[in-house]
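The structure that follows is given in the form of structure tokens.
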Amino acid sequence: MDKIQSIKGTHDILPYESEKWKDLEDIIYKTCDLFGFKEIRTPIFEKTNLFLRGIGEVTDIVSKEMYSWQDRDGSNLTLRPELTASVVRSYIQHNLKNQSSSQRLFYMGPLFRRERPQKGRQRQFHQFGVEAFGSENPEQDVEIISIAWHLLSLLGISNKVQLKINSIGSNECRKNYRKALLDFIKPNFNLLSEVSKVRFEKNPLRILDTKNPKEITILSDAPKISDYYTNEDKTHFQTILKFLGCLNIPYNIDLGLVRGLDYYTRTVFEFTSNSLGAQDALLGGGRYDNLVQDLGGKVVPGIGFAAGIERLLLILEAEKYNFKKHTPDIYFICIEQNAIQVMLSLSKKLREKNYIVVFDLLRRSLKAQMREANRFKVRYVLIIGQEELAHKKVTIKDLQKKVQYSYNQSDLFDFFNFKINS
RNA sequence: GUGGGUGUAGCUCAGUUGGUUAGAGCACCUGGUUGUGGCCCAGGAGGUCGUGGGUUCAAAUCCCAUCACUCACCCCA
């Protein structure tokens, strides 16, 4: 029989590692709170159709990376490969538009894509993201980018990342541009790769994404989308850039930035980092003014981004981020079996006062327990043995100062109130 | 899906041209006299050498397959 082990591209998050996750998650929650964004939690699987319609059928995600299966009743289900479609589905389903004309939401959780694993890429991975509905004004775009910037600043890595931004135009712009692009490419159609031929039919903009050198040459003289912006598109993009300037958020305009999901309109952006290897995008997003409607809702503009938790952690690790230490306050040593009850009840009382208390469960020697206390880097050790038991005392040892006191068990809190709280 | 690299103890790695009971450091456990940590010293536990075949008198070492990890392509977070 095969060894039972985790599935390719999935990882266990072990103790100590999980503490880093918790730290990062706390900072994410705090950031979202600061901007008034509320958490939304949606199911981990959805009807396959949602992603086909939401993300786009010719995207890589949908065409080759989804974990899909047929349920017993014949319905086609899929483990979510991204979260925007799910959030939009929920927004429509619960009529959140009627609850408030502008909704600000964030999410965090696992996603699934069947790709070949590499640095910063797994089959189960985690994203944090925000989505805002209701406003098509540039201040909304900037609010979204600000959240990302604020988070990266809190993490101390805002100077280690680059913001790339572009506008891919409104519907009208893209309609005109699409036509111009098709006209331009048509004479060279036979020279295109198979992938690009499909994109030519379904989503010609993505042909610009090609890494194929021959196609890059062909496309070098292709019409530029920026020449097809409407006046509103121009103003919208310019205003965003102006606002970013006000906030001192540095950016690079990248006219080649298209992004691989079909639902984007106008603003697209990406934060990249060079400590991530080839998968250098750690956060990406954009505006999706058609998506709510495409999925059966009213005409509601939206914008959001998603950040890879694993990739954030990779950068934090590379930048030697100072994660919070989770050390116990007190290590309780009991070297007299008749004193176990006393240790248990004193520990309970200490925990009620919010002290983190741990103790040995193997009835090991004093020396062994002292070693462990030292290894845990706790500051205070409490000892109860025969002596202490007989006189209702407890020995308190300060491992840092290397001094030791004897206290009445009933006075224990006086010591800690004084030592730790003051 | 395609290509390169790598799989020996919990971790980082040695292992000579195939040749006895497969090693080191760190970590772990127990001690170093009666109830006291870090440093030091001594001892101990821990490995079907990723897995399955093959070649050979003999395989961690050579060959094949397979699985996993890793890096890159594609694409994305």
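Once you place label points 7 Å from the Cα toward the Cβ at A:Arg375 and A:Phe323, how far apart are they in nm?
Once both label points are built, they end up 1.9 nm from each other.
Say the dipole of chain A comes from +1 at the beta carbon of Lys and Arg and -1 at that of Asp and Glu; which of A:Ser275, A:Tyr107, A:Tyr67 then lies farthest toward its positive end?
Result: A:Ser275.
Which order do A:Ile40, A:Ile28 fall in if you start with the one that has the fewest other Cβ atoms within 10 Å?
Numbers: A:Ile40 18, A:Ile28 22.
Least crowded to most crowded, the residues run A:Ile40, A:Ile28.
Also: Given contacts defined as C-alpha pairs under 8 Å and at least six residues apart, what's the relative contact order of chain A, whole-number percent?
Averaging sequence separation for qualifying contacts and normalising by length gives 15 percent for chain A.
Of all beta bridges DSSP finds with both residues in chain A, what is the antiparallel percent, to the nearest 5?
On the way: 52 of 64 bridges.
Close to 80 percent.
Using Cβ counts within 10 Å as a stand-in for footprinting exposure, how do A:Asp141, A:Asp73, A:Asp221, A:Asp289 rank, fewest first? Working shown, then result.
Working: A:Asp141 27, A:Asp73 5, A:Asp221 8, A:Asp289 19.
Going from least to most buried by this count: A:Asp73, A:Asp221, A:Asp289, A:Asp141.
Oh, and also: Report, in whole Å, the centroid distance computed from the Cα atoms of region A:39-114 and region A:154-172.
Measuring centre to centre over Cα atoms gives 24 Å.
Next question. Using a simple spin-label model with points 7 Å from Cα along the Cα→Cβ vector, what separation in nm is obtained for A:Glu115 and A:Asp33?
So the label points at A:Glu115 and A:Asp33 sit 3.2 nm apart.
Oh, and also: Do any of A:Lys179/A:Lys214; A:Lys367/A:Lys401; A:Lys119/A:Lys324; A:Lys8/A:Lys377; A:Lys47/A:Lys298; A:Lys367/A:Lys392 go past 28 Å between their Cα atoms, and which? Working shown, then result.
On the way: A:Lys179/A:Lys214 22 Å; A:Lys367/A:Lys401 19 Å; A:Lys119/A:Lys324 25 Å; A:Lys8/A:Lys377 36 Å; A:Lys47/A:Lys298 21 Å; A:Lys367/A:Lys392 23 Å.
Pairs exceeding the cut-off: A:Lys8/A:Lys377.
May I ask you to derive the relative contact order of region A:330-419, considering only C-alpha pairs under 8 Å and at least 6 residues apart, and to give it as an integer percent? Provide the component values of the computation, followed by the final result.
Values: 115 pairs, mean separation 26.1, N = 90.
Rounded, it is 29 percent for region A:330-419.
Sticking with this structure for a sec: How large is the dipole of chain A about the Cα centre if only Lys and Arg carry +1 and Asp and Glu carry -1, each at its Cβ, rounded to the nearest 20 debye?
Details: 62 positive and 51 negative charges, 201 e Å.
With only Lys, Arg, Asp and Glu charged at Cβ, the dipole is about 960 debye.
Give me A:Thr59, A:Thr217, A:Thr10, A:Thr210 ranked fewest to most by other Cβ atoms within 10 Å of their Cβ, as a rough exposure proxy. Mind showing how you got there, number by number?
On the way: A:Thr59 24, A:Thr217 10, A:Thr10 14, A:Thr210 17.
Going from least to most buried by this count: A:Thr217, A:Thr10, A:Thr210, A:Thr59.
Which ³J(HN,Hα) values in Hz, rounded to whole numbers, follow from the phi angles of region A:394-402 under the Karplus curve 6.51 cos²θ - 1.76 cosθ + 1.60, where θ = phi - 60° and Gly and Pro get x?
Computed from phi, the couplings for region A:394-402 are 9, 8, 10, 10, 8, 5, 7, 8, 6 Hz.
While we're here: Divide by every residue of chain A the summed helix terms, -39500 (n - 2.57) for each DSSP H run of at least 4, and state the resulting mean residue ellipticity at 222 nm, rounded to the nearest 500 deg cm²/dmol.
On the way: 16 runs with 160 residues, N = 422.
The helix contribution divided over chain A gives -11000 deg cm²/dmol.
Tabulate in residue order the Karplus-calculated ³J(HN,Hα) for region A:242-256, using 6.51 cos²θ - 1.76 cosθ + 1.60 with θ = phi - 60°, rounded to whole Hz; enter x for Gly and Pro.
The phi angles translate into 5, 4, 4, x, 4, 8, 6, 9, x, 9, 10, 6, 10, 5, x Hz.
Something else about it: If I histogram all Cα-Cα distances within chain A using bins 10 Å wide from 0, what percent of pairs lands in each bin?
The distribution over chain A is 4, 18, 23, 20, 13, 10, 7, 4, 1, 0, given as percents.
In nm, give the distance between the simple-model label positions of A:Arg351 and A:Lys234, each being 7 Å from the Cα along the Cα-to-Cβ direction.
6.7
Mind jotting down the three principal axis lengths of region A:330-419 based on Cα atoms? Whole angstrom, largest first.
29, 28, 24
None of the figures in this text is laboratory data; all of them are computed from the coordinates on show. The structure displayed is predicted, hence computed values, not measured ones. Every residue, glycine among them, receives a Cβ derived from its backbone with ideal geometry; neighbour counts consider all protein chains shown.
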